[in-house]
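Novice: I am attaching a structure below and will ask some questions about it afterwards.
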Amino acid sequence: MFVDSHCHLDRLSEHTHGGDVAATLAAARAANVSQFLAISTSLEELPGLAAIAREHHDVAISAGLHPLHQASHEPTVQDIVDAAEQFGAVAIGETGLDYHYHESVPVSVQHERFKRHLIAANELELPVIIHTREAKEDTLALLREYSDPKVGGVLHCFTEDLDMAREAVRLGFYISLSGIITFRNAASLRTLARQLPLDRLLIETDSPYLAPVPYRGKPNEPAWVVEVAECIARERGISVDEVAMQTTVNFYQLFRHAAPDAPAHVKEALAQSGLVV
């Protein structure tokens with residue numbers, strides 16, 4: 001079984017099973033994807049995401065405001081906490097820093113927004129989903145100051161260097177790899193996939209974005225998270241089943257509020273690792 005640890009089910013392309021969420025999830029389940037984390041990029045999206053989760057027992061959701069989202073109102077820590085509790089989020093985010101497109105949201109605003117999400121995550125004891133791009137030092141500095149290693153989180157769709165990944169792991173975070181790892185120009189990410197501990201890796205699609213080879217150029221979908229797992233397996237010289245099982249266990253260890261809905265064989269593996277659900 002595989003887990004898509006980061007997807008945007010409310011943004012499906014009309015070219016992905018006609019834009020139908022149920023059909024998209026059915027295709028993923030047929031590819032042995034057993035759990036989906038639907039990611040919030042604004043608090044206004046939460047009612048729609050919660051409706052999807054109510055209809056599909058294997059969908060969990062997060063609550064947060066993307067660093068590049070141009071909000072008319074900056075949510076307070078209490079706003080984030082209240083939204084997460086109201087809609088049953090299992091994580092906070094996605095949040096973080098993006099200096100590549102920082103003109104859309106000033107760096108100072110991104111910093112304050114990121115801090116508030118980290119504080120809310122600590123208050124709720126929910127993991128944080130981090131978006132970081134060209135902001136290595138500031139991201140790590142804020143994580144050192146405001147994150148709680150006992151809560152942790154994940155640096156999603158990771159594209160930075162191995163040193164940053166290792167420091168994030170030291171701070172209690174997981175590293176999630178997306179379809180980018182299959183791109184021809186992503187040799188450094190494939191090296192990272194070989195060198196990081198497998199028990200600190202997650203896999204994701206970030207669909208409908210960043211479709212992996214051989215689907216590059218098409219709208220991405222959760223079924224294709226299998227391609228990410230297969231690439232990691234090839235790089236590490238291990239079976240895709242081992243990658244699937246370990247990244248699935250990793251997911252439920254991090255997102256513990258999603259664990260009660262885990263398949264029976266995953267619960268057994270979680271119990272063996274010391275996590276009772």
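Novice: List the helices (runs of 4 or more DSSP H) inside segment 167-277, counting only whole elements, that have at least 3 residues being at pLDDT 95 or above and under 30 Å from D20 (Cβ atoms).
Specialist: Output list reads 225-236, 240-254.
Novice: Follow-up question, since we're still on this one. Which condition from (1) open to solvent by 10 Å² or more (accessible area, probe 1.4 Å); (2) not in a helix (DSSP H, G or I) is the one that A22 breaks?
Specialist: Going through the list (1) open to solvent by 10 Å² or more (accessible area, probe 1.4 Å); (2) not in a helix (DSSP H, G or I), A22 breaks only (2).
Novice: Additional query: What tally of residues in segment 1-24 results from selecting those that are of a type outside the set (G, A, S) and without any contact (Cβ under 8 Å) to a residue 40 or more places away in the chain? Write out each step before concluding.
Specialist: Of segment 1-24, the ones of a type outside the set (G, A, S) are 1-4, 6-12, 14-17, 20-21, 24.
Imposing the further condition that a residue be without any contact (Cβ under 8 Å) to a residue 40 or more places away in the chain reduces the set to 14, 20-21.
Residues flagged as of a type outside the set (G, A, S) and without any contact (Cβ under 8 Å) to a residue 40 or more places away in the chain within segment 1-24 amount to 3.
Novice: Another question, if that's okay. All but one of (1) open to solvent by 10 Å² or more (accessible area, probe 1.4 Å); (2) in contact with a helix residue (DSSP H, G or I) (Cβ under 6 Å, 6 or more places away or on another chain) hold for A187, so report the exception by its number.
Specialist: (2)
Novice: Which of (1) farther than 21 Å from H257 by Cα; (2) in contact with a Leu (Cβ under 9 Å, 6 or more places away or on another chain); (3) surrounded by fewer than 24 Cβ atoms within 10 Å (Cβ to Cβ) is the odd one out, the single condition P197 does not satisfy?
Specialist: Of everything listed in (1) farther than 21 Å from H257 by Cα; (2) in contact with a Leu (Cβ under 9 Å, 6 or more places away or on another chain); (3) surrounded by fewer than 24 Cβ atoms within 10 Å (Cβ to Cβ), P197 misses just condition (2).
Novice: If Q35 satisfies every condition in (1) buried (at least 24 other Cβ atoms within 10 Å of the Cβ); (2) more than 19 Å from the chain's Cα centre (by Cα) but one, which is the exception?
Specialist: (2)
Novice: Continuing with the same structure: Can you pull out every residue in segment 42-57 that is outside any helix (DSSP H, G or I) and open to solvent by 10 Å² or more (accessible area, probe 1.4 Å)?
Specialist: Going through segment 42-57, the residues outside any helix (DSSP H, G or I) turn out to be 42, 56-57.
Correct list: H56, H57.
Novice: Next question. Of all the residues that make up segment 65-115, how many are open to solvent by 40 Å² or more (accessible area, probe 1.4 Å) and among the β-branched types (V, I, T)?
Specialist: The qualifying residues number 3.
Novice: Please count how many residues of segment 6-24 are in contact with a helix residue (DSSP H, G or I) (Cβ under 7 Å, 6 or more places away or on another chain) and closer than 17 Å to I39 by Cα.
Specialist: Number satisfying all stated conditions: 7.
Novice: Pairs needed: first member in segment 25-36, outside any strand (DSSP E or B); second member anywhere, open to solvent by 30 Å² or more (accessible area, probe 1.4 Å); C-beta distance under 7 Å; at least 6 residues apart or different chains.
Specialist: From residues that are outside any strand (DSSP E or B), the pairs are A27/H17; N32/M1.
Yes/no matrix, rows are residues, columns are (1) touching a strand residue (DSSP E or B) at 6+ places or on another chain (Cβ under 7 Å); (2) open to solvent by 10 Å² or more (accessible area, probe 1.4 Å); (3) part of a loop (DSSP other than H, G, I, E, B):
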residue: L118; (1), (2), (3): yes, no, no
residue: E145; (1), (2), (3): no, yes, no
residue: E160; (1), (2), (3): yes, yes, yes
residue: D163; (1), (2), (3): no, yes, no
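Novice: OK, next. Specify which of the listed residues (A26, A60, A38, A50) is out of contact with any strand residue (DSSP E or B) (no Cβ under 8 Å at 6 or more places or on another chain) and of a type in the set (A, V, I, L, M). I'd like the intermediate steps shown before the answer.
Specialist: Working: A60 fails: out of contact with any strand residue (DSSP E or B) (no Cβ under 8 Å at 6 or more places or on another chain); A38 fails: out of contact with any strand residue (DSSP E or B) (no Cβ under 8 Å at 6 or more places or on another chain); A50 fails: out of contact with any strand residue (DSSP E or B) (no Cβ under 8 Å at 6 or more places or on another chain).
It is A26.
Novice: Give me the pairs, please: first residue somewhere in segment 214-226 and crowded, with 24+ Cβ neighbours inside 10 Å, second residue anywhere and part of a helix (DSSP H, G or I), beta-carbon distance under 6 Å, and either six or more positions apart or on two chains.
Specialist: If the second residue must be part of a helix (DSSP H, G or I), the pairs left are E221/T24; P222/A28; A223/A27; A223/A28.
Novice: Considering each residue of segment 227-249, count those that are open to solvent by less than 60 Å² (accessible area, probe 1.4 Å) and under 30 Å from E14 (Cα atoms), and give that number.
Specialist: 8
Novice: Restricting the first residue to segment 123-140 and requiring it to be at pLDDT below 95, which pairs with a second residue that is open to solvent by 10 Å² or more (accessible area, probe 1.4 Å) and part of a strand (DSSP E or B) meet a Cβ separation below 9 Å and a spacing of at least six or different chains?
Specialist: No pair meets every condition.
Novice: Can we say P208 is crowded, with 16+ Cβ neighbours inside 10 Å, touching a residue at least 12 places away in the same chain (Cβ under 8 Å) and of a type outside the set (D, E, K, R)?
Specialist: Values: crowded, with 16+ Cβ neighbours inside 10 Å: yes; touching a residue at least 12 places away in the same chain (Cβ under 8 Å): yes; of a type outside the set (D, E, K, R): yes.
Considered against the rule, which asks whether it is crowded, with 16+ Cβ neighbours inside 10 Å, touching a residue at least 12 places away in the same chain (Cβ under 8 Å) and of a type outside the set (D, E, K, R), P208 comes out as yes.
Novice: Now a separate question. Report the residue count in segment 120-143 for those that are open to solvent by less than 90 Å² (accessible area, probe 1.4 Å), assigned to a helix (DSSP H, G or I) and within 16 Å of S62 (Cβ to Cβ). Break it down stepwise before answering.
Specialist: Applying the first criterion (open to solvent by less than 90 Å² (accessible area, probe 1.4 Å)) to segment 120-143 yields 120-122, 124, 126-133, 135-136, 138-143.
Right, trim to assigned to a helix (DSSP H, G or I) and you get 120-122, 124, 136, 138-143.
Now restrict to residues that are within 16 Å of S62 (Cβ to Cβ): 120-122, 124.
Residues in segment 120-143 being open to solvent by less than 90 Å² (accessible area, probe 1.4 Å), assigned to a helix (DSSP H, G or I) and within 16 Å of S62 (Cβ to Cβ): 4 in total.
Novice: Further question on the same structure: Mind counting the residues in segment 67-88 that are farther than 12 Å from A120 by Cα and either part of a loop (DSSP other than H, G, I, E, B) or touching a Gly at 6+ places or on another chain (Cβ under 7 Å) (or both)?
Specialist: 9
The values are calculated or read from the model by the stated rules, or taken from the named source; none is laboratory data. Source: prediction; values computed, not measured. Cβ sites come from the backbone with ideal geometry, for glycine too, and all protein chains shown count toward neighbours. For the accessible areas, the whole protein counts, side chains as well, though only heavy atoms, and no ligand, DNA or RNA atoms are used. Shrake-Rupley method; radii C 1.70, N 1.55, O 1.52, S 1.80 Å.
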